[in-house]
Amino acid sequence: MINAIQEYVGYLHNVKKISYNTEISYERDLKKAADYFHEMDINDVRDVTETNLNSYVLHLEQNHMSPATVSRNIASLRSFFRYLVKEKKLEDDPTEKLKPPKVDKKAPEVLSQEEIALLLKQPNMNTAKGVRDRAMLELLYATGIRVSELIHLRKGDVNLQMGYITCSDQGRERSIPFSAGVGRILGSYLEDAREKLLKGRQCECFFTNCQGNPMSRQGFWKVLKGYARSAGIKKDITPHTLRHSFAMHQLKSGTDLKSIQEMLGHADLSTTQIYVDSLKE
């Protein structure tokens, strides 16, 4: 079964060209299922039955996994077995009648524009670190990119003259514009603060930590949490909160849903639809 999973992951990577995070998620879910079936002495995908799959779903629920997590695992299994049928490695799809649990869609947590303004005021612009932090917060909110995309931005991905950044995801590129005001802050960071942080070192990443090395997700998370506390914001802020806030504020300002989908890099418009649904509540 493991070999079939590896072939499928290769298909997702090379043919479907899905995002790295989605690829890892599929692989993790399927390997977890394979471990469960191995304990039942089932090691060949041809031996997996509908009953086995229902038992596995029950196993996930009994281990107190959330309905959303169980649904994601079922989606991974469905995609895997459909691939096997398509490739004629299986005649029948045992996941056809597999039903995911009902998942209540939660409205994404967003900051108000007043809270965003308060958050952006927190970094000390008289220090190199403060200029960097302000530039990161401004860019994250102005473009709605993921934190992984933010910390992996390279100097060549930021076009200050034309006012846009380029993000690459598994061979797909998208360009996202930013305002002149954001451009000025990015320029201040690039002209002076970045060199102070580098301390003579070389680094291709646009944003670096205080040791001149690439920023980490955990490092930026701590930066964001610290400024949220100093701003007195009580909401449980994550980097994704700024992404949600960007999308919601864009929608409220009249930006069409398709444009928001493209800027966010959503493969399916239904993923972006959650913001429209939140406005109706």
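The values are calculated or read from the model by the stated rules, or taken from the named source; none is laboratory data. These numbers were taken from a predicted model, which means no experiment stands behind them. Positions of Cβ are generated from backbone atoms using ideal geometry, with glycine treated the same way; all protein chains shown enter the neighbour counts. Quick note on the areas: whole protein, heavy atoms, side chains included, nothing else; ligands and nucleic acids left out. Shrake-Rupley method; radii C 1.70, N 1.55, O 1.52, S 1.80 Å.
Looking at 110, 85, which one is surrounded by 14 or more Cβ atoms within 10 Å (Cβ to Cβ) and without any contact (Cβ under 8 Å) to a residue 12 or more places away in the chain?
On the way: 110 fails: without any contact (Cβ under 8 Å) to a residue 12 or more places away in the chain.
From the options 110, 85, the qualifying one is 85.
What are the residue pairs meeting all of these: first residue in the range 144-165, first residue within 27 Å of residue 237 (Cβ to Cβ), second residue of a type in the set (Gly, Ala, Ser) and part of a loop (DSSP other than H, G, I, E, B), Cβ atoms under 7 Å, and 6 or more apart or on different chains?
151/216
Which ones in the range 13-28 are open to solvent by 30 Å² or more (accessible area, probe 1.4 Å), in a helix (DSSP H, G or I) and either out of contact with any Asp or Glu (no Cβ under 8 Å at 6 or more places or on another chain) or within 13 Å of residue 148 (Cβ to Cβ) (or both)?
14, 15, 16, 20, 21, 22, 24, 26, 27, 28
So which residues in the range 195-247 are out of contact with any strand residue (DSSP E or B) (no Cβ under 7 Å at 6 or more places or on another chain), within 15 Å of residue 138 (Cβ to Cβ) and of a type outside the set (S, T, N, Q)?
Residues satisfying the conditions are 207, 220, 223, 224, 227, 231, 239, 242, 243, 246.
This table checks each residue for (1) of a type in the set (A, V, I, L, M, F, W, C); (2) under 30 Å from residue 47 (Cα atoms); (3) in contact with a Ser or Thr (Cβ under 9 Å, 6 or more places away or on another chain).
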{"residue": "97", "(1), (2), (3)": "no, yes, no"}
{"residue": "111", "(1), (2), (3)": "yes, no, yes"}
{"residue": "115", "(1), (2), (3)": "no, no, yes"}
{"residue": "125", "(1), (2), (3)": "yes, no, yes"}
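Select from the range 233-262 the residues that are surrounded by 15 or more Cβ atoms within 10 Å (Cβ to Cβ) and under 13 Å from the mean Cα position of the chain (by Cα) and write down the one among them that is farthest from residue 173 (Cα to Cα).
238
Take the conditions open to solvent by less than 40 Å² (accessible area, probe 1.4 Å) and small (Gly, Ala, Ser) and apply them to residue 79. Does it pass? So that I can check it myself, show each step before the final result.
On the way: open to solvent by less than 40 Å² (accessible area, probe 1.4 Å): yes; small (Gly, Ala, Ser): yes.
In short, yes.
Look at the range 166-199 and say how many of its residues are among the basic types (Lys, Arg), surrounded by 13 or more Cβ atoms within 10 Å (Cβ to Cβ) and in a loop (DSSP other than H, G, I, E, B).
Of the residues in the range 166-199, 0 are among the basic types (Lys, Arg), surrounded by 13 or more Cβ atoms within 10 Å (Cβ to Cβ) and in a loop (DSSP other than H, G, I, E, B).
Limited to the range 32-43, what total is found for residues that are in a helix (DSSP H, G or I), open to solvent by 50 Å² or more (accessible area, probe 1.4 Å) and either without any contact (Cβ under 8 Å) to a residue 24 or more places away in the chain or under 9 Å from residue 1 (Cβ atoms) (or both)?
Residues flagged as in a helix (DSSP H, G or I), open to solvent by 50 Å² or more (accessible area, probe 1.4 Å) and either without any contact (Cβ under 8 Å) to a residue 24 or more places away in the chain or under 9 Å from residue 1 (Cβ atoms) (or both) within the range 32-43 amount to 3.
Output the residues belonging to the range 143-162 that are open to solvent by less than 10 Å² (accessible area, probe 1.4 Å) and over 22 Å from residue 210 (Cα atoms).
Listed by number, the residues that qualify are 143, 144, 145.
Which one of these is surrounded by 14 or more Cβ atoms within 10 Å (Cβ to Cβ), more than 19 Å from the chain's Cα centre (by Cα) and closer than 21 Å to residue 221 by Cβ: 119, 60?
When all the criteria are applied, what remains is 119.
If I ask for residues that are touching a residue at least 40 places away in the same chain (Cβ under 8 Å) and of a type in the set (S, T, N, Q), which ones from the range 114-126 would you list?
Result: 122, single match.
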